[in-house]
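To keep things clear, I will list the structure first and then write my remarks on it.
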Amino acid sequence: MPAAPRLHELQQGFADAVLGRGDAVAGWVDGAGLDPAARLRIYRHAVAGTLMAALRESYPAVQALVGDDFFDAMAVRYRQQHPSTCGNLQQFGDSLADYMATMSETQTLPYLADVARLEWRRQLAALAADAPPVDAVTAAAAALVASERLRIGLHPSLQWLRSDYAVLTLWQWCQSPSDAAPRVGGGEHVLLWRDGGEVAMAAVSPATFRCIERLADGCDVASAYLAAVDVDNDFDLEPCLRDLLAQGLIVAFIDEGGAT
């Protein structure tokens, strides 16, 4: 009689079984009235259904664009090659966009991976930590700090995506598809953030996007402005900062002496 496996070997064998990588552990499973392999199939189907539901929840626009059958088949392949490595299902699916970009079947839909990236950023925005926006007094004090010394702390929920395709327009069309599909070319620069209990999204100019991207990277305001001017000589910093303040997306002004 073979020696009993150690606990970690049983755990690995059970994980392999529920992920469809073999039933070697079946000999050590009490079927409780069922064949042990049949008992494992119950767990396998339950796990598969849960992972499928998580991907559908995270990527409804992708599902709408490719159809249910293709999405489900792709999801099966994805979870086999990228099994969940965390007990929190909110992290499962973070590699789906890159995975789809490598699939031969999606090469005729080059925008699909970026739609997936947009949807994943929606999830990141929804789940991000919260932070109170600066008040009017703090904003007024920051206006007196030289832009070369001033850095801006942005809200944790703020996400951004630059795409060669009209991903926001596509996503919006997927919410209520009509016979006339939108044009996917032209590219869009999209900001995403949590507004109350919902995720807000907006397309912004390339220069505005560059400015906010630099601010998020920790650049001072002057450097972020110069980066935006490299994109568009007519870029105006004031409306950009005003809009961030209006949306509650500035949570700190930081100068050489510390938080303002």
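A short reminder: the numbers here are calculations on the coordinates, not readings from a lab. Not measured: the values here are computed from a predicted model. Positions of Cβ are backbone-derived with ideal geometry, glycine not excepted, and every protein chain shown enters the neighbour counts.
Here the 3J(HN,Hα) profile of the range 147-162, calculated from phi with Karplus coefficients 6.51, -1.76 and 1.60 at θ = phi - 60°, is 4, 6, 9, 9, 10, 10, x, 9, 4, x, 7, 5, 10, 8, 8, 9 Hz, Gly and Pro shown as x. Loop-located trypsin sites (Lys or Arg not before Pro) in the range 168-260 (DSSP state not H, G, I, E or B) with no more than 12 neighbouring Cβ atoms inside 10 Å: R183. For the range 180-202 versus the range 52-109, the inter-centroid distance based on Cα atoms is 20 Å.
Whole-Hz Karplus values for the range 47-59 come out as 5, 4, x, 5, 5, 4, 4, 5, 5, 4, 5, 7, 10 Hz, taken residue by residue from phi with 6.51 cos²θ - 1.76 cosθ + 1.60 and θ = phi - 60°; glycine and proline positions read x. Net length available on complete extension from Q107 to D69 is 11.9 nm, with 0.36 nm assigned per residue and the Cα-Cα distance removed. Kirkwood-type hydrodynamic radius, the range 110-260: 16.4 Å, calculated from all non-identical alpha-carbon pairs. For a modelled paramagnetic label at E148, 7 Å from Cα along Cα-to-Cβ, the residues of the range 218-256 in reach, with backbone nitrogen under 14 Å, are 220-224, 226, 256.
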